[in-house]
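Before any comments, here is the structure.
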Amino acid sequence: MNRREQWRPVLDFEVKKWSAKSWPELVAELPDEHAYELEFEDKTYQVEVRLLENTDTYVHVGVSVDDGSVPASFRPLSSSFIREK
């Protein structure tokens with residue numbers, strides 16, 4: 001399994017966690033990019049969550065994950081979701 005494939009369960013976990021929040025929670029928690037480290041199955045990962053769009057009808061949130069290693073972290077594994085208002 002290559003490095004990016006190892007990141008997939010972490011990304012899936014984080015997208016599920018953030019997408020369970022209501023749009024007011026997302027707006028309140030993401031005024032700026034939110035970056036943090038996460039330990040998952042005895043490994044440390046870098047997670048970045050960003051509010052990509054905040055329109056009258058929806059919010060669009062981006063989530064990216066990497067392991068902090070260079071140069072692999074220059075291209076994190078990413079996904080996004082839309083929460084209707």
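A compact table of results
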quantity	calculated
Single residue of region 1-11 satisfying the filter (open to solvent by 80 Å² or more (accessible area, probe 1.4 Å) and among the charged types (D, E, K, R)) that is nearest to Val59 (Cα to Cα)	Arg8
Scope region 36-60; condition touching a helix residue (DSSP H, G or I) at 6+ places or on another chain (Cβ under 9 Å), farther than 22 Å from Ser73 by Cβ and of a type in the set (Val, Ile, Thr); matching residues	Val59
Members of region 10-35 found to be in contact with an Asp or Glu (Cβ under 8 Å, 6 or more places away or on another chain) and either of a type outside the set (A, V, I, L, M, F, W, C) or closer than 18 Å to Ala72 by Cα (or both), listed by number	Lys21, Glu33, His34, Ala35
The listed residue being touching a His at 6+ places or on another chain (Cβ under 7 Å) and either open to solvent by 60 Å² or more (accessible area, probe 1.4 Å) or not β-branched (Val, Ile, Thr) (or both), out of Glu37, Glu84, Glu53, Glu29	Glu53
Answer residue from region 59-75, given it is of a type in the set (A, V, I, L, M) and under 17 Å from Val15 (Cα atoms) and is surrounded by the fewest Cβ atoms within 10 Å (Cβ to Cβ) among those	Val59
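The values are calculated or read from the model by the stated rules, or taken from the named source; none is laboratory data. In this text the structure is predicted, and so the values were computed from the model without any measurement. Quick reminder, even Gly has a Cβ in these numbers, built from the backbone with ideal geometry, and neighbours come from all protein chains shown. Heads up: the accessible areas ignore ligands, DNA and RNA and are worked out on the full protein's heavy atoms, side chains in. Shrake-Rupley method; radii C 1.70, N 1.55, O 1.52, S 1.80 Å.
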